Amino acid sequence: MRQTGSMETPDPGAPTLQIGAVAERTELSIRTLRHYDDVGLVRPSGRSVGGFRLYTQSDVERLLLIRRMKPLGYTLEEMADVLRAADAHRAEPSEQTAEALAEYLRNATARRDDLVRQVARADEFIELLRAAGAAPSPTWRPGISIDPEK
């Protein structure tokens, strides 16, 4: 997998965040962020004097994009491909880069549509369970008897 970030020192005036703050902001685990760094998907823009990963707002935006790809089942390699295509189009828009992004859009839409169908099937199943009496009584509590004789 090719690296999609750099280990250059961030602009001294640009605000940076350490990994814990980025994990909180992106709702990705610290372990996931470290893995993305290790495989070159998103590398932090720099390191502190003490060696802590430093992320810029641009890094956070890339991570949020990746987080949005996860539910669609994208592999790490596919995520890297999307990031490279978006970077290439942003750097030098062309018909080729626009078509690559359009293909990713078609693919993402198809994956989303499949998820919508899966959720509809899950909703049907839940309704069947409810109709079969699977919903617990509102007075039932685990370990608590409602029998007045006890």
Yes/no for Arg68 being charged (D, E, K, R), under 30 Å from Ala21 (Cβ atoms), in a helix (DSSP H, G or I) and modelled with pLDDT of 95 or more: yes
Lone unmet requirement of (1) in a loop (DSSP other than H, G, I, E, B); (2) modelled with pLDDT under 95; (3) at negative phi; (4) not hydrophobic (A, V, I, L, M, F, W, C) for Arg130: (1)
Single residue of the range 39-65 satisfying the filter (surrounded by fewer than 20 Cβ atoms within 10 Å (Cβ to Cβ) and within 17 Å of the chain's Cα centre (by Cα)) that is farthest from Asp87 (Cα to Cα): Val39
Sole residue being among the β-branched types (Val, Ile, Thr) and more than 30 Å from Gln18 (Cβ to Cβ), chosen from Val60, Val82, Val42, Val116: Val116
Residues being closer than 21 Å to Gly40 by Cβ, free of Cβ contacts under 8 Å to residues at least 40 places away in the same chain, loosely packed, with under 15 Cβ neighbours inside 10 Å and of a type in the set (D, E, K, R) - total across the range 73-117: 2
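The values are calculated or read from the model by the stated rules, or taken from the named source; none is laboratory data. Note that the coordinates shown come from a computational prediction; the quantities given were computed from them, not determined experimentally. Quick reminder, even Gly has a Cβ in these numbers, built from the backbone with ideal geometry, and neighbours come from all protein chains shown.
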